[in-house]
Amino acid sequence: MVEPILISPFFTSYVLPFVLVFTLIFALLQKTQLLGEGKKQINAIIGLIIGLILIAFPTARDIVVQLMPFLAVSAVILFVFMLIYGFIMGKKEDVLHKGTKIALGIIFALAFITVLLYVSGWWDPIYNFMFNRETGSQIWINLLLIVIIGGAIAAVVATKDKA
């Protein structure tokens, strides 16, 4: 059976890292105009050379290949966060009250963290550590004390500004 081109080792280990590094170097040189204005050909040649050097050295190439799944997941997480942030903050008009925005932000942040823990497989170990151990009650008591102390500090700082 023929293997699809997008998952072949040649494509994932050589073509994609080369295209990525070439594009990044070219864009960086274009944006910074390090070599001067209107030097697209020179920037492209430098990007090509650096991309080829990357492919020539297996250690460097392997680092880039191993970092790409992390980059893709991080980009998706950042995208979801920015969508939620845009939803909560809205446009410049104040559609939502400031307290409502803060409450929604906290709710969505907790939901986002919970989903990330669940998807990454860390939900069960953390849940078991927090609830299914003898030390779980001590953790919750300490957490409650930290929240109370933080609330007291916030109340003092808030009343200090008004006085």
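The values are calculated or read from the model by the stated rules, or taken from the named source; none is laboratory data. Because the structure is a prediction, the values reported are computed rather than measured. Glycine also receives a Cβ, built like all others from the backbone with ideal geometry; neighbour counts cover every protein chain displayed.
Got a sec? Which of 10, 87 is aromatic (Phe, Trp, Tyr) and within 23 Å of the chain's Cα centre (by Cα)? Show your work before the answer.
On the way: 10 fails: within 23 Å of the chain's Cα centre (by Cα).
Exactly one of 10, 87 is aromatic (Phe, Trp, Tyr) and within 23 Å of the chain's Cα centre (by Cα), namely 87.
Pairs, please: C-beta under 6 Å, at least 6 apart or cross-chain, first residue at pLDDT 85 or above and in region 120-132, second surrounded by 11 or more Cβ atoms within 10 Å (Cβ to Cβ) and in a helix (DSSP H, G or I)?
Here the result reads 123/117, each pair linking region 120-132 to a residue that is surrounded by 11 or more Cβ atoms within 10 Å (Cβ to Cβ) and in a helix (DSSP H, G or I).
Select from region 1-47 the residues that are of a type in the set (Val, Ile, Thr) and in a helix (DSSP H, G or I) and list them in ascending order.
Within region 1-47, 5, 7, 12, 15, 19, 21, 23, 25, 32, 42, 45, 46 qualify.
Out of all the residues in region 54-71, is one or more aliphatic (A, V, I, L, M), under 30 Å from residue 107 (Cα atoms) and not assigned by TED's automatic domain parsing to the domain that holds residue 15?
yes
Among the listed residues 84, 46, which satisfies the condition of being closer than 30 Å to residue 22 by Cα and touching a residue at least 12 places away in the same chain (Cβ under 8 Å)?
Exactly one residue qualifies, and that residue is 46.
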